[in-house]
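Structure first, commentary second.
Please treat every number below as a calculation from the coordinates, not as lab data. No experiment lies behind these values; they were computed from the predicted model shown. As a convention, Cβ positions derive from the backbone with ideal geometry for all residues, glycine included, and neighbour counts pool all protein chains shown.
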Amino acid sequence: MTKTSNMAQLFDKLNDLKKVFVYGERLIPVIQSLVDFMRDTVPLLENINRSIADSTSKIPKAANHINDVTNATELATTEILDLVDNMNADVDRINKMLEELEKSEEQKEAMFKILNSTLNEEQKKSLNELRKVTTNKPALVKLNELISKIKSDANNITLSLQVQDITSQQLAAVNHLIQSVQGRLSSLVLDLDEADINEHKNEEEQVQSSTFDPNARYHKLTSHQEEADEIFKKNFEKASQEEIDKLFK
């Protein structure tokens with residue numbers, strides 16, 4: 001009885017082993033498919049890795065180019081503003097000279113009136129002719145109008161140059177986003193050696209950081225100048241990390 005029971009258990013074990021082999025035969029093609037898939041996927045991942053590494057290495061150069069553009073426009077704007085300041089100073093000096101001429105014209109008119117009261121009719125006619133020839137009032141009126149127009153144009157130039165500040169802030173916002181994306185790309189490249197990573201960090205440190213308003217817009221209104229002055233006293237809100245993370249989802 002015991003021998004029969006042992007044989008039954010042995011056959012049961014053999015049947016179980018047979019089932020394992022059958023399951024193994026069915027599993028081998030699946031494993032082979034996984035191996036083939038991995039063999040095909042690895043080169044693709046390597047290409048993606050190289051592409052990300054190449055893009056990451058170019059990002060600091062793009063950021064530096066943006067800084068160069070910002071600095072160049074800022075320098076040109078400063079030079080233009082200096083010229084506008086000099087022009088305004090010249091206009092102020094011309095205004096003072098015109099005021100002196102107007103006073104002189106008033107004194108001359110007073111003298112003509114005094115002379116007119118002492119002359120006969122014939123002499124008065126001659127005096128009036130002389131008065132018409134020597135008067136500068138029409139020219140002074142036109143000069144004052146021209147000076148007012150020059151001052152208005154100079155103010156409009158100053159207001160229009162706020163576009164440089166708006167552009168600089170928008171470029172700074174783009175620069176910040178570029179640097180943040182670079183950080184995310186660098187974290188994705190797991191097989192970059194330490195030298196490359198350090199090189200990227202060094203290049204990133206060379207890019208100057210600055211405050212900016214990512215929503216800056218150009219407005220040709222004098223009332224916005226006070227708001228612009230307040231802008232320089234505040235730090236602007238940078239692109240959130242959550243927004244940057246969305247790019248990689």
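Taking label points 7 Å from Cα along the Cα-to-Cβ direction, residue 12 and residue 118 give a separation of 15.0 nm. Here the spin labels are modelled as points 7 Å beyond Cα on the Cα-Cβ line, and at residue 30 and residue 135 they lie 11.0 nm apart. Cβ-to-Cβ counts within 10 Å put 133, 91 in ascending order as 133, 91, the fewest first.
By how many nm would the segment from residue 61 to residue 111 lengthen if fully extended, with 0.36 nm per residue of separation less the alpha-carbon distance?
Numbers: separation 50, 0.36 × 50 = 18.00 nm, distance 7.51 nm.
Once the chain is fully extended between residue 61 and residue 111, it gains 10.5 nm.
Determine, for 50, 184, 39, the number of other Cβ atoms within 10 Å of each Cβ, and report the residues in order from fewest to most.
Details: 50 12, 184 15, 39 9.
Ranked by crowding around the Cβ, least crowded first: 39, 50, 184.
When 41, 135, 167 are sorted by how many other C-beta atoms sit within 10 angstrom of their C-beta, beginning with the fewest, the order is 41, 135, 167. Here the Karplus curve 6.51 cos²θ - 1.76 cosθ + 1.60, taken at θ = phi - 60°, turns the phi angles of segment 169-174 into couplings of 5, 5, 5, 5, 5, 5 Hz, with x standing for Gly and Pro. Using θ = phi - 60° in the Karplus curve 6.51 cos²θ - 1.76 cosθ + 1.60, the 3J(HN,Hα) couplings for segment 145-155 round to 5, 5, 5, 4, 5, 4, 5, 5, 5, 5, 5 Hz; x is entered for Gly and Pro.
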